[in-house]
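Report on one structure; see the data block that follows.
The values are calculated or read from the model by the stated rules, or taken from the named source; none is laboratory data. Only a predicted model underlies this, so the values are computations on that prediction, with no experimental measurement involved. With ideal geometry, Cβ positions are generated from the backbone for all residues, glycine too; neighbour counts draw on all protein chains shown. All accessible areas refer to the heavy atoms of the entire protein, side chains included, with ligands and DNA or RNA removed. Shrake-Rupley method; radii C 1.70, N 1.55, O 1.52, S 1.80 Å.
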Amino acid sequence: MADLVRLAFAAQSRPTAPPSSALRETPATIRDELARGGGAVVEIDGALVGAVLWLEEDGSLYVGRLAVHPAHRRQGIARALMDEAEREARRRGLTRMHLGVRLALDDNRRLFKACGFEETTLHRHEGFTEPTWVRMERRLE
Ligand SMILES: CC(C)(COP(=O)(O)OP(=O)(O)OC[C@H]1O[C@@H](n2cnc3c(N)ncnc32)[C@H](O)[C@@H]1OP(=O)(O)O)[C@@H](O)C(=O)NCCC(=O)NCCS
């Protein structure tokens, strides 16, 4: 999973500043994140091609590290992983989900809007004077 996350985030639609912390994931950090929250993967012919991690925070399911192998994009794998995150939120009896997305990544913002998320608040990384990312939230019926 760490290899896939690093590979996917190194192949974002455009470079972002600062670089994503996803590029520093290791087996140990992924193991820790899975133990604290959970996640889902998609395999094709035994190869890992998609992954997502989640963590319960303040009654909402935080969804992160959504990653699809560059050779398998635009086939609905990210949508399937987001559907699984929604099922996980419902299994836990949660009524909200949230995530963070870089402002520069218009395609990602569009994807999450299509998944029912709304942009809520702007944030900036340490050392930056302008906003760099936006929080997106989804309320589950
Ligand atoms: C963002 C990311 C996870 C999307 O993965 P994906 O599997 O390609 O996403 P999907 O296929 O589910 O949807 C992406 C687009 O393909 C479209 N699509 C889905 N199936 C399709 C098909 N069969 N034919 C053509 N287009 C299709 C979707 O409608 C969507 O279009 P839109 O962005 O215009 O709404 C992937 O690009 C990635 O790993 N990026 C790097 C890491 C990253 O940025 N993660 C998110 C951080 S916030």
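Structure data summary
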quantity: Selected residue (only one of A35, A71, A67, A85 is open to solvent by less than 20 Å² (accessible area, probe 1.4 Å) and not in a strand (DSSP E or B)); calculated: A85
quantity: Qualifying residues in the stretch 38-64 (those that are among the acidic types (D, E) and in a strand (DSSP E or B)) - the one farthest from the ligand (Cβ to nearest atom); calculated: E56
quantity: Looking only at the stretch 98-117, and only at residues there that are of a type outside the set (A, V, I, L, M, F, W, C) and farther than 15 Å from L66 by Cα, the one that is surrounded by the most Cβ atoms within 10 Å (Cβ to Cβ); calculated: G116
quantity: Test for I77: is it touching a residue at least 24 places away in the same chain (Cβ under 8 Å), more than 20 Å from S21 (Cβ to Cβ) and surrounded by 15 or more Cβ atoms within 10 Å (Cβ to Cβ); calculated: yes
quantity: Cβ-Cβ under 7 Å pairs, at least 6 apart or on other chains, the stretch 2-31 side assigned to a loop (DSSP other than H, G, I, E, B), far side modelled with pLDDT of 95 or more and more than 12 Å from the ligand (Cβ to nearest atom); calculated: P18/H125; E25/A2; T26/A2
quantity: Residue within the stretch 30-38 that is touching a His at 6+ places or on another chain (Cβ under 9 Å) and of a type in the set (V, I, T) present; calculated: no
quantity: Matching option when the condition is touching a residue at least 40 places away in the same chain (Cβ under 8 Å), over 25 Å from E43 (Cα atoms) and surrounded by fewer than 17 Cβ atoms within 10 Å (Cβ to Cβ), among T95, T129, T120; calculated: T95
